[in-house]
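Let me begin by presenting the structure, written as structure tokens, before commenting on it.
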Amino acid sequence: MAIRCVFLFISMLAMACCCAIASDPSLLQDFCVADKTSQVHVNGFACKDAKDVVAEHFFFSGLHMAGNTSNKQGSAVTAANVAQIPGLNTMGISMVRIDYAPKGQNPPHTHPRATEILVVLEGSLFVGFVTSNPNNTLISKVLNKGDIFVFPKGLVHFQYNYGMDNAVALAALSSQNPGVITIANTVFGSDPSISDDILAKAFQVNQDTVNWIQAQF
């Protein structure tokens, strides 16, 4: 009987630990508005004194405005995370608006701290993510207005506007600060640069090709 109780306790503890590390830390009070002037370094931001909190700390206006897509990728991301909304601190959620010019894309990238759920507001998108090694399976779908797609946490994913009109999407992410790692920029645009011979061997191309790609970033 004692052994069963110990096993049950360990099982419950393991499940509790899994839940605890599944997303941003949970709230221990009504809110923790980010105090960006604080010199205290914590995982997130220190809390502003509750008596100094006002409605503006939970407010952001801007997702109604189209982003500037006149760039190489033909897309623009307008973020609404803890950087724009201090009240999101410890809330474990954020949003983005993504605008796509015709043939524009949100290039392959990952969010190291968040799962993403995306809904198409205007236009059509070809979207997908790639599973981890060793299979590297592409899971993809064409989305139209009102369609929703989920990108699992940490996996490489993308969106591409294959249509002739502008497209708009809205996405929610399971972190106040999900982070973004754009694959091409990270690999070929690092500062200082990753050694040519390392990249040439990794991508199975010659060093001239690596140099040419790095020059684009």
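Points worth noting:
- Sequence-distant aspartates and glutamates (8 or more away, or on other chains) whose Cα lies within less than 16 Å of K48: D30, D35, E56
- FRET efficiency estimate (nearest 0.05) - Cβ-Cβ, Q73 to V40, R0 35 angstrom: 0.40
- Largest-first ellipsoid semi-axes for the stretch 81-132, taking √(5λ) over the Cα gyration tensor eigenvalues, angstrom: 24, 16, 10
- Taking the stretch 82-146 and dividing mean pair separation by its residue count, relative contact order in percent (alpha carbons under 8 Å, at least six apart): 24 percent
- Taking the chain and dividing mean pair separation by its residue count, relative contact order in percent (alpha carbons under 8 Å, at least six apart): 20 percent
- Efficiency of FRET between F58 and N206 - r from beta-carbon atoms, R0 41 angstrom, step 0.05: 0.15
- With one equal scatterer per alpha carbon and no solvent term, the Debye-computed log10 I(q)/I(0) for the chain at 0.11, 0.14, 0.17 1/Å reads -0.72, -1.03, -1.24.
- Helical contribution to [θ] at 222 nm, DSSP H n ≥ 4, -39,500 (n - 2.57), averaged over the chain, rounded to 500: -5500 deg cm²/dmol
- Karplus-derived HN-Hα couplings along the stretch 138-143 (A = 6.51, B = -1.76, C = 1.60, θ = phi - 60°), whole Hz, x at Gly and Pro: 7, 10, 9, 7, 8, 10
- As a length-normalised measure over Cα pairs under 8 Å and 6 or more apart, the relative contact order of the stretch 99-198 settles at 42 percent.
- For K141, a cut-off of 28 angstrom between C-alpha atoms picks up these lysines, skipping any fewer than 8 places away in its own chain: K72, K103, K153.
- Between A46 and D35, the built amide H atoms are under 5 Å apart, and every one of these is 5 or more places off in sequence or on another chain.
Each value in this text was obtained by applying a stated rule to the coordinates, not by laboratory testing. Keep in mind it's a predicted model, so treat the numbers as computed, not measured. Note that each Cβ is placed from the backbone with ideal geometry, even for glycine, and that neighbours are counted across all protein chains shown.
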